[in-house]
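The values are calculated or read from the model by the stated rules, or taken from the named source; none is laboratory data. Since this is a predicted model, take the numbers as computed values, not measurements. So basically every Cβ, Gly included, is an ideal-geometry build from the backbone, and we count neighbours across all protein chains shown. Keep in mind that these areas ignore ligands, DNA and RNA; they rest on the heavy atoms of the full protein, side chains included. Shrake-Rupley method; radii C 1.70, N 1.55, O 1.52, S 1.80 Å.
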Amino acid sequence: MEAAKKIIFECACGTISDLSCDGCGAPVCGSCGTRQISSFDPLNIEVRHYCPHCSQDAGKNVWGNLYWKELVSLYS
């Protein structure tokens, strides 16, 4: 029996990555992508990865701008 092969994709910048965008499914590397914590429960933290296009799209990344604008307003 053959061992399962890990599928690895190439990001738009050319970096090999096994991450994919949670908005569109495109391969994304740690440098190009955006990570968002999308959970209220501190015991079950969920991290999502987004490509540069989806990270700016409020329909796909609802935590992006809303979260950071609210956070900045608390400390400014």
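Values as computed for the structure displayed
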{"quantity": "Any chance ARG48 is of a type outside the set (A, V, I, L, M, F, W, C), surrounded by fewer than 19 Cβ atoms within 10 Å (Cβ to Cβ) and not in a loop (DSSP other than H, G, I, E, B)", "calculated": "no"}
{"quantity": "Close pairs (6 angstrom Cβ cut-off, 6 or more residues apart or separate chains): closer than 26 Å to SER38 by Cβ and at pLDDT below 80 in segment 1-23, open to solvent by 100 Å² or more (accessible area, probe 1.4 Å) and not in a loop (DSSP other than H, G, I, E, B) anywhere", "calculated": "ILE8/ILE16"}
